[in-house]
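To keep things clear, I will list the structure first and then write my remarks on it.
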Amino acid sequence: MKRRAWLLGTTAGMGALLVGWLALPQRSRIGLARLMAPGEGDFALNGWIKILPDGGVVLAMPRSEMGQGVHTALPQLAAEELDVPLSAVRLEQAGWDAIYGNVAMLYGYLPFHPREEEREDGFGRVKAGRWLVGKVGRELGLNATGGSSSVADAWDTVRLAAATARASLLGAASLRWKLPTEEFQVSDGVVSHPSGRRAGYGELAREAASTPPGQVQLKERKQWRVIGRPAPRLDLASKVNGQARFGIDVRLPGMRYAALRLAPSLGGAPGRIDAAEALALPGVERLVQLPAYAGSSAGFAVVASSFWQAQRAAQAVEVEWRAGPGGGPDSAAIARRLEEAVRSREGFTFYSEGNVEAVAAGEGSRTIEAWYRAPYLAHATLEPMNATARVEGGRVEVWAPTQVPQSCREAAARVAGVPVERVELHVTYLGGGFGRRLEVDYVAQAVRVAMDLPGVPVQLIWPREEDTTHDFYRPAQVARLRATLDRQGQPLALQIRSAGDAIAPRWMERAAPGLAGPIDLPDKTGAEGLFDQPYAFAHQRIQHVFTRSGVPVGFWRSVGHSHNAFFLESFIDEIAAQLRQDPLVLRRNLLRDSPRHLAVLNLAAERSGWERVPLPAGRARGLALHESFGSVVAQVVEVSLQGPLPRVHRVVCAIDCGTVVNPQIVAQQMEGAVVFALSAALHGRVDIRRGVVQQRNFPDYPMLRLALAPQVETYIVPSARAPSGVGEPGVPPLAPALAGALFALTGQRHRSLPLTDLS
């Protein structure tokens, strides 16, 4: 196992198996898991699995469900190894042991720093830079849902924990019946023997809890009955009938509601406040001032008996706002500075091979150059930011839709001035995450408001306008791409230099300060998808200039891949046009050393009819290929024009995401990614003037309408590789495929997002 090695052992007296993992190459041991917390009548067999009296299985769930299907996929892993129906698996929020940390996400994004410092973040002092190689603490067990890593990270973990629990149950039956386990059969949670003896898991659980598991062996692929097969989502019924509880659905006795209002200018703060009129409104109780969290805007919240009353009162407060430092950032000026940074600075070289300068100066060679640009983007989750908090007697209780429960607890503890062990967190369903709920600002604010009403639960809700104008945005980015062709027109060299803000260091400062450091190390999100692209250019240099724009930036669905795929794939199309080649043919030639990518590309081309099915007049196709989060996705887009705007009719997706746990979820994620990416490609942009975000709500930051949603077809390449990402890899190829289709249709090349300016 490349990412982790397993420790299997028994605890004297209890005999219960404890499962733990090693993060980083075996030398950085995290430790062994505790048993799951006991419930009424259940028996914990390890840190992940409990057995109920009725034979049901309880799986510890450390990942947040935000529509990506993880609350079905992970139970499928457990059901497979335990030989129980998927319907028998129930979920329980995992505890705070390091074993629940997301190693796959850590490997993806977090550098380490060998120094420590203290700094003020607006709600208290934090110590940074505590992650040292060889000194691995609770930070490395970061519990986060992101980076399309949940199934990849759980693949070995949950299967082995379930297989270990099954071995303990078989061991209990063996001791009871005095028979060897090799003679047993297991079906639907019932252990049986040819002699007629039978016992359900519920009957064996007590004995299994004190029985060493013996030999633990994972099933072979040919034995799978649950993994790899479509299964209905376990959360489907509750989301249809309204029983599912999202953060904004939390209701507690005596609860109050708080509406947020922040300084319009990024980094701004309130000056004079006159709340007399607002506090006189019915149901209004108080105004609580809120400091700027980790460099964001400061403001206040108004507390009332209902959210409507609180929101009306917040708008009635008369306030003189102070602008942010230097008058606040301006997106047009930032775009100019990014272009100048590309022209004048080399930045960090992520990848270099060969000699691009010598090739470019070679006799008979020619160079193609193009500039590409991508704007700031908001997350626009359908459920706005919210959290509910209660503070009383030195304890804090929080209900939150979050992707980082551990970071939420730490933020709540820091704000309330209590040890983190005195913070209880309930993770609800998330009405969309996309990286926005990797932040903890809204939780810190809810706790701060609740501190002014001891013992009273307070639900803080961000109005949509605050959510849009005070996001942690996907960074704006500018890139210059150059390709050198020889005299026969063969591509020889590729140079890419891009510029934009680093994401990971800023996020660590806010959400995981224990991992942050006094200096920024190179953040791969700036150039991901460029330095690791698959095309066979013999000479390459891929660089990125890291900037500090003053705009709050954060992870956005598919992160740097979301714009870097647009840059690279659109440029491949430009090379094909210069060579008068079919874009598919050029890609095939450049993928001669990448059979996995070529297989995905060919599948998408075949299923779309690229080479064999002509389109009616007024329609055109475009294609793109991109690898992200370990998965390779190719998309073919069919488009026409309706007036001045493009209309996408069909998107064919091919994906190699390794072993597929649930093909139905893969198809759902491709469909959702297409709609998400199409919204951004056609409409997505955030403009900032004098520090103020101009877009405020869905009328000026629109989503794709249902009537305009395309037909989406998903085809999966069979693979025996370990699972890789699914939730995000469907986003990056859409914009370049659409741009290519528009070029084929109109002859106009689009090098800036969004793609709505077709004049």
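The values are calculated or read from the model by the stated rules, or taken from the named source; none is laboratory data. Just so you know, these numbers come straight off a predicted model, no measurement behind them. Note that we place each Cβ from the backbone using ideal geometry, even for glycine, and neighbour counts take in every protein chain shown. What goes into the accessible areas is simple: the full protein's heavy atoms, side chains included, and nothing from ligands, DNA or RNA. Shrake-Rupley method; radii C 1.70, N 1.55, O 1.52, S 1.80 Å.
Within region 700-759, count every residue that is of a type in the set (Phe, Trp, Tyr) and more than 19 Å from GLY684 (Cα to Cα).
Matching residues across region 700-759 total 2.
Only residues that are out of contact with any strand residue (DSSP E or B) (no Cβ under 9 Å at 6 or more places or on another chain) and in a helix (DSSP H, G or I): list them for region 422-443, please.
Within region 422-443, ARG436, LEU438, ASP441 qualify.
Taking the residues in region 239-257 that are in a helix (DSSP H, G or I) and aliphatic (A, V, I, L, M) as candidates, determine which candidate is modelled with the highest pLDDT.
ILE248
Determine if region 723-734 includes at least one residue that is of a type outside the set (S, T, N, Q), closer than 21 Å to PHE434 by Cβ and either without any contact (Cβ under 8 Å) to a residue 24 or more places away in the chain or surrounded by fewer than 19 Cβ atoms within 10 Å (Cβ to Cβ) (or both).
Looking through region 723-734, none of the residues is of a type outside the set (S, T, N, Q), closer than 21 Å to PHE434 by Cβ and either without any contact (Cβ under 8 Å) to a residue 24 or more places away in the chain or surrounded by fewer than 19 Cβ atoms within 10 Å (Cβ to Cβ) (or both).
If you check ARG159 against the conditions, is it more than 30 Å from the chain's Cα centre (by Cα) and assigned to a helix (DSSP H, G or I)?
no
Pull up region 371-393, narrow it to residues that are out of contact with any strand residue (DSSP E or B) (no Cβ under 7 Å at 6 or more places or on another chain) and farther than 21 Å from GLY432 by Cβ, then point me to the one that is least open to solvent (accessible area, probe 1.4 Å). Spell out how you get there, then give the answer.
Start the filter on region 371-393 by keeping residues that are out of contact with any strand residue (DSSP E or B) (no Cβ under 7 Å at 6 or more places or on another chain), which leaves 379-382, 385, 391-393.
Those still in the list that are farther than 21 Å from GLY432 by Cβ too: 391-393.
Details: VAL391: 25, GLU392: 114, GLY393: 68 Å².
So, considering only residues that are out of contact with any strand residue (DSSP E or B) (no Cβ under 7 Å at 6 or more places or on another chain) and farther than 21 Å from GLY432 by Cβ, the one least open to solvent (accessible area, probe 1.4 Å) is VAL391.
What residue, among those in region 39-76 that are in a helix (DSSP H, G or I) and in contact with a Leu (Cβ under 7 Å, 6 or more places away or on another chain), is surrounded by the fewest Cβ atoms within 10 Å (Cβ to Cβ)?
So the residue we want is HIS71.
Name the single residue, out of those in region 234-272 being open to solvent by 90 Å² or more (accessible area, probe 1.4 Å) and farther than 22 Å from VAL89 by Cα, that is nearest to the chain's Cα centre (by Cα).
Across region 234-272, the extreme among qualifying residues is ARG251.
Could you run through region 551-563 and say how many residues are small (Gly, Ala, Ser) and either in contact with a helix residue (DSSP H, G or I) (Cβ under 7 Å, 6 or more places away or on another chain) or at pLDDT below 95 (or both)? Give the steps one after another, and end with the answer.
In the first step, residues of region 551-563 are kept if they are small (Gly, Ala, Ser); the result is 554, 558, 560, 562.
Cutting the leftovers down to either in contact with a helix residue (DSSP H, G or I) (Cβ under 7 Å, 6 or more places away or on another chain) or at pLDDT below 95 (or both) gives us 554, 560.
Number of matching residues: 2.
Output the residue which, of all residues in region 644-670 that are in a strand (DSSP E or B) and of a type in the set (A, V, I, L, M), is farthest from HIS561 (Cα to Cα).
Checking each candidate, the answer is LEU645.
Every residue in region 414-437 that is without any contact (Cβ under 8 Å) to a residue 40 or more places away in the chain, among the aliphatic types (A, V, I, L, M) and within 14 Å of TRP399 (Cα to Cα), please.
VAL423, LEU425 - these are the residues of region 414-437 that are without any contact (Cβ under 8 Å) to a residue 40 or more places away in the chain, among the aliphatic types (A, V, I, L, M) and within 14 Å of TRP399 (Cα to Cα).
What number goes with the only condition from (1) part of a strand (DSSP E or B); (2) surrounded by fewer than 18 Cβ atoms within 10 Å (Cβ to Cβ) that PHE350 does not pass?
If we test PHE350 against (1) part of a strand (DSSP E or B); (2) surrounded by fewer than 18 Cβ atoms within 10 Å (Cβ to Cβ), just (2) comes out false.
From the residues in region 500-542 that are of a type in the set (Asp, Glu) and not in a strand (DSSP E or B), which one is surrounded by the fewest Cβ atoms within 10 Å (Cβ to Cβ)?
Once the filter is applied, the top-ranked residue is ASP532.
Answer with yes or no whether SER558 is assigned to a strand (DSSP E or B) and touching a residue at least 60 places away in the same chain (Cβ under 8 Å).
Working: assigned to a strand (DSSP E or B): no; touching a residue at least 60 places away in the same chain (Cβ under 8 Å): yes.
In short, no.
Out of everything in region 671-708 that is in a strand (DSSP E or B) and open to solvent by less than 40 Å² (accessible area, probe 1.4 Å), what residue ends up being farthest from SER265 (Cα to Cα)?
VAL686
Might you let me know whether region 329-347 holds any residue that is part of a helix (DSSP H, G or I) and hydroxyl-bearing (Ser, Thr, Tyr)?
Checked region 329-347: at least one residue is part of a helix (DSSP H, G or I) and hydroxyl-bearing (Ser, Thr, Tyr).
Scanning for something assigned to a loop (DSSP other than H, G, I, E, B), aromatic (Phe, Trp, Tyr), over 17 Å from PRO213 (Cβ atoms) and modelled with pLDDT under 80, does region 78-99 turn up at least one residue?
No, every residue in region 78-99 fails to be assigned to a loop (DSSP other than H, G, I, E, B), aromatic (Phe, Trp, Tyr), over 17 Å from PRO213 (Cβ atoms) and modelled with pLDDT under 80.
Criterion first (surrounded by 18 or more Cβ atoms within 10 Å (Cβ to Cβ), more than 30 Å from ARG548 (Cβ to Cβ) and without any contact (Cβ under 8 Å) to a residue 60 or more places away in the chain) does VAL398 satisfy it?
Here the answer is yes, as VAL398 does meet what is asked.
I'm checking my understanding of the structure. Among residues of region 709-719 that are of a type in the set (Val, Ile, Thr) and in contact with an Asp or Glu (Cβ under 6 Å, 6 or more places away or on another chain), which one is surrounded by the most Cβ atoms within 10 Å (Cβ to Cβ)?
Here the residue is VAL712.
Collect the residues in region 276-302 that are without any contact (Cβ under 8 Å) to a residue 12 or more places away in the chain and either assigned to a loop (DSSP other than H, G, I, E, B) or under 19 Å from VAL458 (Cα atoms) (or both), keeping them in residue-number order. So that I can check it myself, show each step before the final result.
Step one: list which residues in region 276-302 are without any contact (Cβ under 8 Å) to a residue 12 or more places away in the chain, which gives 276, 280.
If the condition is that a residue be without any contact (Cβ under 8 Å) to a residue 12 or more places away in the chain and either assigned to a loop (DSSP other than H, G, I, E, B) or under 19 Å from VAL458 (Cα atoms) (or both), then ALA280 is the only one that fits.
Of everything in region 338-347 that's in contact (Cβ under 8 Å) with a residue 24 or more places away in the chain and over 16 Å from ARG541 (Cβ atoms), which residue is most open to solvent (accessible area, probe 1.4 Å)?
GLU339
So which of ALA231, ALA205 is surrounded by 18 or more Cβ atoms within 10 Å (Cβ to Cβ) and not in a loop (DSSP other than H, G, I, E, B)?
Within the list ALA231, ALA205, the selection yields ALA205.
Can you tell me how many residues in region 204-233 are within 19 Å of ALA79 (Cβ to Cβ) and more than 33 Å from the chain's Cα centre (by Cα)?
The number of residues fulfilling the criteria is 4.
Against the condition more than 22 Å from ASP471 (Cβ to Cβ) and either buried (at least 22 other Cβ atoms within 10 Å of the Cβ) or among the small types (Gly, Ala, Ser) (or both), how does GLY433 come out, does it pass?
No, not satisfied.
For region 468-499, which positions are in a loop (DSSP other than H, G, I, E, B), open to solvent by less than 20 Å² (accessible area, probe 1.4 Å) and not hydrophobic (A, V, I, L, M, F, W, C)?
HIS470, ASP471, PRO475, GLY489
Take ARG619 and tell me if it is open to solvent by 40 Å² or more (accessible area, probe 1.4 Å), among the basic types (Lys, Arg) and under 28 Å from ALA538 (Cβ atoms).
Values: open to solvent by 40 Å² or more (accessible area, probe 1.4 Å): yes; among the basic types (Lys, Arg): yes; under 28 Å from ALA538 (Cβ atoms): no.
No.
Of all residues in region 563-598, count the ones that are open to solvent by 10 Å² or more (accessible area, probe 1.4 Å), of a type outside the set (Val, Ile, Thr) and part of a helix (DSSP H, G or I).
12
For region 171-193, what are the residues that are within 23 Å of ARG225 (Cα to Cα) and open to solvent by 80 Å² or more (accessible area, probe 1.4 Å)?
Those that are within 23 Å of ARG225 (Cα to Cα) and open to solvent by 80 Å² or more (accessible area, probe 1.4 Å): GLU182, GLU183, GLN185, ASP188.
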